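The values are calculated or read from the model by the stated rules, or taken from the named source; none is laboratory data. All figures in this text were calculated on a predicted structure; none of them were measured in a lab. In this analysis, Cβ positions are derived from the backbone assuming ideal geometry, glycine residues included, and neighbour counts consider all displayed protein chains. Just so you know, the surface numbers come from the protein's heavy atoms only, side chains and all, with ligands and any DNA or RNA stripped out. Shrake-Rupley method; radii C 1.70, N 1.55, O 1.52, S 1.80 Å.
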Amino acid sequence: MMQDQITHSGPEITGSRTKGNLSKREMEVLLQIKEGLRNPEIAAGLGLSTKTVENHVRSILQKLGAKNRTEAVVVALRSSLIDI
């Protein structure tokens with residue numbers, strides 16, 4: 001089975017939170033990323049500037065040890081940080 005070949009080298013999990021401990025706002029941004037929204041759409045929906053959203057995305061990627069937005073969502077799902 002393909003899933004058996006997948007290894008996870010993401011962040012250490014403590015309870016239902018990652019070691020990086022995302023802020024409430026970062027979680028809100030991550031949930032919007034999960035829905036497929038782009039930074040300008042996220043900014044408009046949350047009443048933030050696009051630059052602020054970019055900063056949150058950068059922080060999310062760093063805290064989750066992800067290379068891109070898709071990987072961040074996958075790591076968050078696998079660690080039960082967010083639900084489908």
Could the peptides 39-47, 22-30 be put in order, highest first, of the mean number of other beta-carbon atoms found within 10 Å of their residues?
22-30, 39-47
When the Karplus curve 6.51 cos²θ - 1.76 cosθ + 1.60 is applied with θ = phi - 60°, which whole-Hz ³J(HN,Hα) does each residue of the stretch 28-42 get, with x for Gly and Pro?
4, 5, 4, 5, 5, 4, 4, 7, x, 7, 8, 3, x, 5, 5
Over the stretch 32-72, with every protein chain in place, what whole percent of the accessible area is carbon and sulfur at 1.4 Å, could you tell me?
48 percent
Reciprocal of mean inverse Cα separation for the stretch 25-84 (Kirkwood radius, Å)
11.2 Å
Rounded to the nearest 0.05, FRET efficiency between MET27 and LYS67 (Cβ-Cβ, R0 22 Å) equals 0.65
